[in-house]
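To start, the structure under review is shown below, and the notes come after it.
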Amino acid sequence: QSFKLLGFLDVQSVPCARESVLYGSLGSLVVGLGHFLATSRVRRSCDFAVGGFICTMLGYWFYCRYNLAQQRIRQRMLKEGVRNRMLFEGSYLDPEKSQTGSERSDS
């Protein structure tokens, strides 16, 4: 079952969306309840809760997307390195073969 937030954000298929909404709701609860316990003003606490939701959700969204982008870059580099190793292994372009050959000539 797919859940769409505000009618357009598919929380299940978009990376980091589910966690952002969950952490945002937790952040709104903490900020709103904390403000209410400190001031006993209901309306102002609700305003703070909405602001806490938005700030927490956006903060975790950017953090998660940044980490996801870094992970994809590392995966791409690793995939390219494995592909290059498979291509060059045993040939004269193999960096490990040239190192072992130069070490043998030095001895």
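The values are calculated or read from the model by the stated rules, or taken from the named source; none is laboratory data. Values in this document were obtained by computation on a predicted structure and should not be read as measured data. Glycine gets a Cβ as well: all are built from the backbone with ideal geometry, and neighbour counts include every protein chain shown. Ligands, DNA and RNA are stripped out before the accessible areas are found, and what is left, the full protein with its side chains, is counted by its heavy atoms. Shrake-Rupley method; radii C 1.70, N 1.55, O 1.52, S 1.80 Å.
Table for the structure above
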| item | result |
| --- | --- |
| Residue-by-residue Karplus 3J(HN,Hα) for segment 28-42, coefficients 6.51, -1.76, 1.60, Hz, glycine and proline x | 5, 5, 5, 5, x, 5, x, 5, 5, 5, 7, 10, 6, 10, 5 |
| Cα→Cβ-extended label distance, 7 Å offset, between VAL82 and PHE36, nm | 5.1 |
| Solvent exposure, largest accessible area first (probe 1.4 Å, DNA, RNA and ligands not counted), of SER40, SER25, SER20 | SER40, SER25, SER20 |
| Net charge, TYR66 excluded, C-beta distance under 15 Å - Lys, Arg +1, Asp, Glu -1 | +2 |
| Surface share of carbon and sulfur [accessible, 1.4 angstrom probe, percent] for segment 15-86 | 65 |
